[in-house]
1. Name the residue farthest towards the positive end of the dipole of the chain from the options Ser199, Ile182, Ile396, assuming +1 on Cβ of Lys and Arg, -1 on Cβ of Asp and Glu, about the Cα centre.
2. Taking the Cα centre of the chain as origin, sum charge times position over the Cβ atoms of Lys and Arg (+1) and Asp and Glu (-1), and report the length of that vector in debye to the nearest 20.
3. Fewest Cβ neighbours within 10 Å first, please rank Met385, Met230, Met296 accordingly.
4. How high is the relative contact order of the chain, given as a whole-number percent (alpha carbon pairs under 8 Å, six or more residues apart)?
5. Given the rule -39500 (n - 2.57) for each run of at least 4 DSSP H residues, summed and divided by the residues of the chain, what is its mean residue ellipticity at 222 nm, to the nearest 500 deg cm²/dmol?
6. Would you work out which of Ile158, Asn133, Asn61 lies farthest towards the positive end of the dipole of the stretch 26-161? Charges go on Cβ: Lys and Arg +1, Asp and Glu -1.
7. Taking the Cα centre of the stretch 26-161 as origin, work out the dipole magnitude from +1 charges on Lys and Arg Cβ and -1 charges on Asp and Glu Cβ, in debye rounded to 20.
8. Report the local net charge at Asn402: Lys and Arg +1, Asp and Glu -1, summed over other residues whose C-beta lies under 15 Å from its C-beta.
Amino acid sequence: MIFSSLQFLIFWLFAFLISRIQKFNSSIIIGIVGLFFYSFQGYFNFFVLFYVYLIVCIYNNFKKGLFFFIFLILLPLIIIKYLNFILIDVLSLKSGFVFLENLIIPPGLSFISFSAIALIIYLKNNLENFKINLAYLYLFPQLIAGPIVEPKSLIPQIKQINLVKFDEIFSGIFIFSVGISIKVFFADSIANYIDPIFSNLENFEFKKKVVALFLFSQQIFFDFNGYTLMAIGIAKTFGINLPENFNAPYLSQSISEFWKRWHITLSNWIKNYIYIPLGGSKNGKLKHYINIFIAMLISGIWHGAGYNFILWGFFHALFIFLEKIFAFNYSFIFYRYWKILYTYLLVTFLWLFFRVNNIEDITIFFNDFSLIDLIGINTIYFLFMIFLLNYFQKYITVHSLNKIYHKLNKIFVVSLSLITIIICIILSKGSSQKFIYFNF
């Protein structure tokens, strides 16, 4: 059940009406509604997630063996997502476990695992009851694909939840309508064009593959930011404020800045729970650079089991390292717009490692490499449209949308938002394409 489906809208309305009944507006109801929402993902997936919750509850009672309990939380993720990759690709065994080959990763398991780790680290020095822990892990707007919210930020909101004012509800509906719009009109439309190309790279000329790669950079932004805006909008209708997750990432002037603007909550999680505990920028430059590579490699591995994801994380780390090494020359040579151009082109190229299924596909992508084929007036028009979309990103942050919302007539905004949502549902025939980050 995805946010841009008719099925979900009915569920959202049902959950919202329950929240308007004062005696049902509590943490235990939030948790139960989240359990019901995730049950639509299948029984196996439901039990995997419930296992993670039970591990959190057990740790909450004992408060000992933190690293052991972190391992127990990660165990389903390791087995389902990574075990066969380790056995076959890393250890070069002839085969892995047959039952894992056709097993689909429970939607959002990586997100849920990271949230659970943050929760038990929080519980080390704080005492919360099972209802609060349930509500934190099963808050359905951010359950499957984030944002990953720190317990110290989300739990106080869950405890203080009250009947939401209509202005907040209307604001949430408006933000949701923007999210579903960019998902259906941009992300899904692009996917319909580029998916056949990436599925059969050997059958397409180099120029078309390059176009598909640039379009993928737009698809993944509109898809994931669309989901995030929808999640933030839904949460607002229940009185929960989720953090911003994207801040015009393709306007970044460096790879380091890109990771402060792209998937912000994941970047913060990796910084707080991996990079800083390793020592961060302390203990000398060499240790600092090693910590950067470790953090980015974990980011790559978190996204998927494959050497392509490992290389994706490695190259991001490499360019962050180079930016820090040559910081003076870098800022001296490039002006602001050239830095934005450089960063976007580099990020887009690295998306290739993210989009392909394996390393062999990268070789196929460049089989008929030819820069001459890319030169032409059509290329200029295409790049102009891409950069226009990049500039447009600054207007689809939560901060910008809130400013727009407060400038407009509320009845007009809500009416337009509801009409937009209905149109998107009709155009997508009640169920649009699955969000990319549901795979992680």
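1. The one lying farthest along the dipole's positive direction is Ile396.
2. Values: 32 positive and 18 negative charges, 295 e Å.
Result for the chain is approximately 1420 debye, rounded to the nearest 20.
3. Details: Met385 12, Met230 29, Met296 25.
Final ranking by Cβ density, sparse to dense: Met385, Met296, Met230.
4. Working: 553 pairs, mean separation 95.5, N = 440.
Averaging sequence separation for qualifying contacts and normalising by length gives 22 percent for the chain.
5. Working: 21 runs with 284 residues, N = 440.
Calculated from helices alone, the mean residue ellipticity at 222 nm is -20500 deg cm²/dmol.
6. Towards the positive end, the residue furthest out is Asn61.
7. On the way: 8 positive and 4 negative charges, 72 e Å.
That gives the stretch 26-161 a dipole magnitude of about 340 debye.
8. Numbers: positive: Lys165, Lys236, Lys394, Lys403, Lys407, Lys410; negative: Asp167, Glu168, Glu244.
Spelling it out: positives minus negatives among the neighbours equals +3.
Only the coordinates and a few stated rules stand behind these numbers; no lab work does. Nothing here was measured: the structure is a model prediction, and the numbers come from that model. Ideal geometry is used to build each Cβ from the backbone, glycine not excepted, and the neighbour counts take in all protein chains shown.
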